[in-house]
Amino acid sequence: DALIAKFERITGAKAHPWIKRGIFFSHRDLDLILDNHAAGKPMYLYTGRGPSSEALHLGHLIPFMFTKYLQDVFRCPLVVQMTDDEKFLWKDLQLEECHRLGFENAKDIIACGFDITRTLIFSDLDYIGHMYPNILKIQKAVTYNQVKGIFGFDDSVNIGKHAFPAVQAAPSFPSSFPHIFGSRVDVPCLIPCAIDQDPYFRMTRDVAPRLGFKKPALIHSKFFPALQGSDSKMSASDESSAIFCTDTPKQIKEKVNKYAFSGGRETVEDHRRLGGDLAVDVSYQWLTFFQHDDAELKRVGDAYASGAMLSGEIKKELIDVISPLVARHQAARALVTADMVKTFMTPRKLVVDRS
Ligand code: TYM
């Protein structure tokens, strides 16, 4: 609570509902980022996407929507890494296909509303040369045993996977972006991501001081649950596990009604008497992410927990919230031109207000 109050005091912005609701629930050194901002100094944001599928699901959008909010709050540069190399090493995909998917996914990222004068989106395959000096320094500072320990690789894993963490670490340091920051090493980096990405940045923070670099700060979100509940994972290869940015209103309605795990009771009678279980109900959990109106969320939560609202009704509440959100995203994506993608993806000078 104290940190949230400090965030609001220093930035002059209202904390995002995802911060207040504990969806972005954890951080490393966010207080240092706030002190740096209060001192009028520059900073930058870094996040990324592993392009392994044509369409992003709603879970993937969360860090990007949140990063858009942070870019508005801090008015700072943002770099977005498309790890086409990572997906080639991990998945059964052709290298050219990963590269192409990176461009497709960039359209979804741009559709989140990032400032074109302050944002660079880059494909590792295209950009790697700029980062290579930092990648090498990181690789020299991390041992094989450390990488095995952090990522759980066994000895039969390809050597590319062992080397890759240094590639995801490198954008945490401003000298990986000489056209933006010159050779400065003192501009701090804040990384918004879901908690699954933290191991990369624990490794990064560990090596940073040894390389004479600042440790990147982080702000982590919880994992957005699959339609089937928090025990299963949303997967791009399982249509029924998630709502995708490309889904039609009809698909959204059908998927929620058919697959969203319900915290409702066996019979209507039991449900009226015992109430629904908010802790396991996926529709309610999804509403905590996407219903930004606190009063409305409380109304629905109270009604469902008391048994006044039935499972079909809370599903309808969810459908009514996410259908317009997905439609708005699709409309914004349709306006993203090839020229815009090209500009976002060209290494260039970005606007940095502070010095
Ligand atoms: P990827 O493509 O798996 O995921 C992209 C971003 O979405 C987050 N995410 C989720 N957030 C909430 N709920 C979910 N169910 C969910 N699934 C995925 C991920 O945490 C990520 O922030 N290796 C990375 C790409 C990357 C990156 C980065 C991510 C490179 N550099 C820096 C964050 C920060 C990847 O494959 O992400």
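The values are calculated or read from the model by the stated rules, or taken from the named source; none is laboratory data. The structure displayed is predicted, hence computed values, not measured ones. For neighbour counting, all protein chains shown are included, and Cβ atoms are generated from backbone atoms with ideal geometry for every residue, glycine included. Remember, those area values only see protein heavy atoms, side chains included, never the ligands or the DNA or RNA. Shrake-Rupley method; radii C 1.70, N 1.55, O 1.52, S 1.80 Å.
At-a-glance table
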item	result
Unique residue being loosely packed, with under 15 Cβ neighbours inside 10 Å and assigned to a loop (DSSP other than H, G, I, E, B) when the list is Asp186, Asp196	Asp186
Residue in the range 305-337 that is most open to solvent (accessible area, probe 1.4 Å), counting only those that are out of contact with any Leu (no Cβ under 8 Å at 6 or more places or on another chain) and not in a helix (DSSP H, G or I)	Leu335
Verdict on Ser26 being farther than 24 Å from Lys349 by Cβ, touching a helix residue (DSSP H, G or I) at 6+ places or on another chain (Cβ under 9 Å), open to solvent by 20 Å² or more (accessible area, probe 1.4 Å) and within 14 Å of the ligand (Cβ to nearest atom)	yes
Matching residues, the range 108-133, being part of a helix (DSSP H, G or I) and either open to solvent by less than 10 Å² (accessible area, probe 1.4 Å) or within 16 Å of Lys342 (Cβ to Cβ) (or both)	Asp108, Ile109, Ile110, Asp124, Leu125, Asp126, Tyr127, Met131
Enumeration of residues in the range 204-218 that are open to solvent by less than 10 Å² (accessible area, probe 1.4 Å) and either at pLDDT below 95 or outside any loop (DSSP other than H, G, I, E, B) (or both)	Thr204, Val207, Ala208, Ala217, Leu218
Residue check, Glu86 free of Cβ contacts under 8 Å to residues at least 12 places away in the same chain and either open to solvent by 10 Å² or more (accessible area, probe 1.4 Å) or assigned to a strand (DSSP E or B) (or both)	no
Residue in the range 220-240 that is open to solvent by 20 Å² or more (accessible area, probe 1.4 Å) and either closer than 22 Å to Tyr46 by Cα or in a strand (DSSP E or B) (or both) present	yes
Residue list for the range 243-275, restricted to those being more than 29 Å from Glu104 (Cβ to Cβ), assigned to a loop (DSSP other than H, G, I, E, B) and open to solvent by 10 Å² or more (accessible area, probe 1.4 Å)	Phe261, Ser262, Gly264, Arg265, Glu266, Thr267
